[in-house]
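A short worksheet on the structure shown next.
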Amino acid sequence: MFQLPADRPAIMGVLNVTPDSFSDGGRYADFDLAIAHAHDMVDQGADLIDVGGESTRPGAEPVDEAEELRRVVPIVEALSSQGVCVSVDTSKAEVARASLRAGAQVVNDVTALKDPRMADLCADAGCFVCLMHMRGEPRTMQENPAYSEVVEEVRDHLVLRAESAEMAGVRRDRIWIDPGIGFGKSLEHNLILLRNLGKLVRTEYPVLVGVSRKSFIGKLLGGALVDDRHDGTLAAQVLAQVAGARVIRAHDVRAARRAAIVTQAIMNA
Ligand code: HH2
């Protein structure tokens with residue numbers, strides 16, 4: 001069973017088996033390429049691989065269940081049987097169920113278990129669950145997002161979702177929370193959330209942060225394109241780690257792992 005490392009954040013490598021993800025869409029839609037890329041990420045220091053079959057980038061169209069199952073389950077099955085710890089990035093109960101049967105150990109749900117069947121099946125499986133905050137849905141979430149107190153609203157929503165998962169039988173020590181950087185948030189909302197990540201850390205649920213290549217970094221760097229957000233990603237990741245993040249979701253695993261090692265050494269000195 002997966003365990004969070006005690007002495008540094010876990011690195012979650014991103015594997016999107018989609019045609020349209022914002023940074024790696026189309027690159028790993030082929031089975032062999034996807035498996036090879038997952039193993040590359042493990043060799044580079046990924047502790048787990050997050051397999052996603054539906055893009056959640058702003059404006060993305062939903063994918064139907066049969067198609068998501070077709071994209072995701074064979075990959076989850078192959079990687080799990082090869083000893084790789086797999087997380088499945090889905091908000092569909094049937095995709096989660098089939099992935100758990102195929103060996104996934106984590107359900108990463110960007111809707112924080114909105115589908116009521118999700119909590120029950122995660123409780124039955126005894127898996128880890130990542131509850132992410134999202135305002136609205138991907139197709140429309142960036143249309144003028146508004147909060148009065150963004151940090152408190154995100155934190156309180158996540159704690160409520162965590163409590164509801166616990167009530168369904170998910171063990172408290174299997175629940176992670178995630179502020180959902182870029183999901184229904186302006187540039188300023190993202191910055192305030194990252195600056196105040198400690199308020200989420202103090203809930204004592206392990207915090208996962210996904211900043212990798214996101215558009216807030218591009219905006220800060222004068223419109224830098226996805227492939228040119230590497231250094232900005234590391235800056236945000238390091239600060240999240242200093243604030244207490246326990247899982248870092250990353251596309252560039254080697255750099256993420258090395259930055260985490262150096263950051264941790266300084267934090268421990
Ligand atoms: N971000 C993305 C997808 N899933 N899950 C969690 N828990 N946290 C995140 O920040 C997060 C996530 C978006 O990134 P990516 O998977 O690269 O793109 P896409 O949604 O276009 O496939």
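The values are calculated or read from the model by the stated rules, or taken from the named source; none is laboratory data. Predicted model, so just to flag it, every value in this text is computed and none were measured. Neighbour counts run over all protein chains shown; Cβ positions are idealised from the backbone, glycine included. Protein only, heavy atoms only, side chains kept; ligands, DNA and RNA dropped before computing areas. Shrake-Rupley method; radii C 1.70, N 1.55, O 1.52, S 1.80 Å.
Quick one: which of 82-88, 18-24 comes out on top by average Cβ neighbours within 10 Å, and what's the full order, highest first?
Descending mean neighbour count gives 82-88, 18-24.
Project the alpha carbons of region 129-207 onto their principal axes and report the range along each, largest first, in whole Å.
Largest to smallest, the principal-axis extents are 36, 27, 17 Å.
Probe radius 1.4 Å, ligands and nucleic acids ignored: give me the carbon and sulfur share of the accessible area of region 1-80 as a rounded percent.
The value for region 1-80 is 49 percent carbon and sulfur by accessible area.
Applying a 10 Å radius around every beta-carbon, put 4-12, 94-102, 50-58 in order of their mean neighbour count, most first.
Ranking, from highest mean packing down: 50-58, 94-102, 4-12.
Write down, largest first, the equivalent ellipsoid semi-axes of region 1-153 in whole Å, where each equals the square root of 5 times an eigenvalue of the alpha-carbon gyration tensor.
Calculated on Cα positions only, the semi-axes equal 24, 19, 17 Å.
When the distances between all Cα atoms of region 161-269 are binned every 5 Å from zero, what whole-number percent does each bin get?
Result returned by the calculation: 2, 12, 21, 21, 20, 12, 7, 3, 1, 0.
Spin-label point model (7 Å from Cα, Cβ direction): what's the Gln264 to Ala146 distance in nm?
4.4 nm
Run the quick spin-label model on Glu204 and Asp227: label points 7 Å from Cα toward the beta carbon, then report their separation in nm to one decimal.
Here the answer is 4.7 nm between the modelled labels.
Per 0.36 nm of contour for each residue apart, how much would the distance between Leu4 and Asp156 grow if the chain were fully extended, relative to their Cα-Cα spacing?
Result for the pair: 52.3 nm of gain on full extension.
Gain in length, Val242 to Arg195, computed as 0.36 nm per residue apart minus the alpha-carbon separation, to one decimal in nm?
15.9 nm
Once the convex hull of the alpha carbons of the chain is built, what does its volume come to per residue, in cubic angstrom?
Measuring per residue, one finds 114 Å³ for the Cα hull of the chain.
Between region 113-127 and region 207-227, what is the separation of their alpha carbon centroids in Å?
A separation of 31 Å, based on Cα centres.
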